[in-house]
Amino acid sequence: MTAPSLLSPALRNYPWGSRTAIPALLGQQPDGEPQAELWFGAHRAAPSLLPDRPGHPDLAAAITADPVTELGEASLAAHGPALPFLLKLLAAEQALSVQVHPTRKQAQDGHDREEAAGVPLDAPHRTFKDRNHKPELLCALEPFEALCGFREPARTAELLDALAVPELRRWSAVLRSRPAHEALSRTLRAALCAPERLMRTVSAAALPRLTASPGPWNNTAAAYTNVAEDFPCDPGLLAALLLNHVRLDAGEALYLGAGVPHAYLRGTGVEIMANSDNVLRCGLTDKHVDTVLLADIVDCTPMTPATMRPTPTGLTGETQFCSPAKQFVLSRLETGTEAVSVTDPGPQVLLCLAGHVRLTPGPTLSRGAAAFVPAGSPCEVTGAGAVLYRARVPMGTAS
C-alpha cells in the first residue's frame, strides 16, 4: 500500500490574482507577478507533482499507472479512472469573469459536438474541454466578496431605478412586468449587447454617485464600482448588476451548482470543484463569450445565495461543509497533540494552512504544503494548534 506523499502544487499566474496573498501564506517574498491559484490535484492542464516518489511523477500519471491503488475501488466505480475533484487555493485582487458551468448532460453533448466539429482543445473559442460538469464550493479564509445568482427581478429594478440612467428604464419595466425567467433572460441579453456609451455612463457617473449616497444599495454599488475599475466598458459590468452581491466572513462557504452565474471579486479562499475545466463566460474578460450558447446554459431562476458554515463530523477537531456534490467533500480539521486517524476508503488531499501537521506515516506539512493520501492508506495526523483542510470523495454514486 502506498503511503501519503508530498504534493507540489501548480501555480497559476492569472491577471486577476493577488501579488501578495499566496506568497504571504507560503512565507515567500512576492515576485511582483499576480499569483491567482495553487492547484492541488490531477487536472490534465496542470497536475501536481509527487516529489517524494521515484521518478517524481505527477499525480495524473501516478493515477493512470495504478488507478485502483491511488483511487480505490469505490471511487473508481463511481467516477472512473481520475481524481474526481480539484482543490485550489485562490487569491483574487481583481474581479474574475462572470461565468456559468454546464450540467453533466450539457457538458457531454457540447464536448461531443465540438470534438465532431474538429475544434482544437486549445482553440480560443473552444468551450467544452471535457465531458464533466463543474459544481464548486469556496471557503473564505478572510472576508471575501462575490457575485452569485440572479437577484429577484423586482429588486434589480429598484437598483436600476436608483442608478437614475434613462436608458435603463426599459430594463426596469421588463423586470417588473414579465415572468421572472423571461425578464432575467431578456435583460441579460440586453446587458451583453449594450452600447459602450451606456457602460461608460453607468461606470463613470451612476455607480460613483450611488456609492457616495448612504442607502440600501451603498455596499452593493461599491462592489460594482470596483468591478468597473477592473474592467472599464466591459459588458459584463451590466450583466453583473443583475446578480446578488455576497460577502463571506472567514470560515463561511458558498456552493455553486450548474447554470448559476457568478464571479469572485476579492479575497482569499480554499476552493474545491469537480475535476473539469468547462466554463462559459458572460463578461469581465477578454476571452471568448458565446451569448447564444450562454442562453442555453445559464439558469435564469432568481435565488438568494445561502452561505454555509461547517458542521461537526464526529472526528475530533473536524467540521465539514455539506453540499450536494458527489465528487467532493471539504472539511476543516484543527489538529492537536493526540493523533487522529484520517484513513479513508477514497483518495484524499490534505492541505495545511496553519502550524505544522505530522502525517504518520508520511511527511510533515508546514503552512501551504499538501499531501496526497491514496485510497485506504493508513494515516494519522498530529500538530498542536495546526489547521488542515481535507478534500476527499464522498462514497456514493456519481451524478
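The values are calculated or read from the model by the stated rules, or taken from the named source; none is laboratory data. Just so it is clear, the model here is predicted, and its values are computed rather than measured. Because the Cβ atoms are built from the backbone with ideal geometry, glycine has one as well, and the counts that use them run over all protein chains shown. Protein only, heavy atoms only, side chains kept; ligands, DNA and RNA dropped before computing areas. Shrake-Rupley method; radii C 1.70, N 1.55, O 1.52, S 1.80 Å.
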Calc'd 3J(HN,Hα), region 299-304, phi into Karplus 6.51 cos²θ - 1.76 cosθ + 1.60 (θ = phi - 60°), Hz, glycine/Pro = x, comes to 8, 8, 7, x, 8, 10
Using only Cα atoms and rounding to the nearest 10 degrees, what angle (0 to 90) does helix 218-230 make with the longest principal axis of the chain? 80 degrees
Using alpha carbons only, what's the Rg to Rh ratio of region 142-232 with Rh from Kirkwood? 0.95
Along its three principal axes, how long is the chain when you only count alpha carbons? Whole Å, largest extent first please. 67, 50, 40
Taking the Cα centre of the chain as origin and charging only Cβ (+1 Lys, Arg; -1 Asp, Glu), how large is the dipole, in debye to the nearest 20? 860 debye
To the nearest 10 square angstrom, what accessible area does residue 128 show with a 1.4 Å probe? 0 Å²
Rounded to the nearest whole Å², what accessible area per residue is found for region 150-264 with the 1.4 Å probe? 42 Å²
Net charge around residue 274, counting only other residues with Cβ within less than 13 Å of its Cβ (Lys, Arg = +1; Asp, Glu = -1)? +2
Rounded to the nearest 500, what is the chain's calculated 222 nm mean residue ellipticity when only DSSP H runs of at least 4 contribute -39500 (n - 2.57) each, over all residues? -7500 deg cm²/dmol
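Treating only the Cβ atoms of Lys and Arg (+1) and Asp and Glu (-1) as charged, compute the dipole magnitude of region 104-181 about its Cα centre; round to the nearest 20 debye.
Dipole of region 104-181, to the nearest 20 debye: 380 debye.
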Of the residues 391, 356, 375, the Cα lying farthest along the dipole of region 324-399 towards its positive end, which is defined by charges on the beta carbon of Lys, Arg, Asp and Glu, belongs to 391
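For region 249-359, take N as its residue count and report Rg(C-alpha) divided by 2.2 N^0.38 Å.
1.34
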For the chain, give the percent of accessible area contributed by carbon and sulfur heavy atoms, probe 1.4 Å, rounded to a whole number. 53 percent
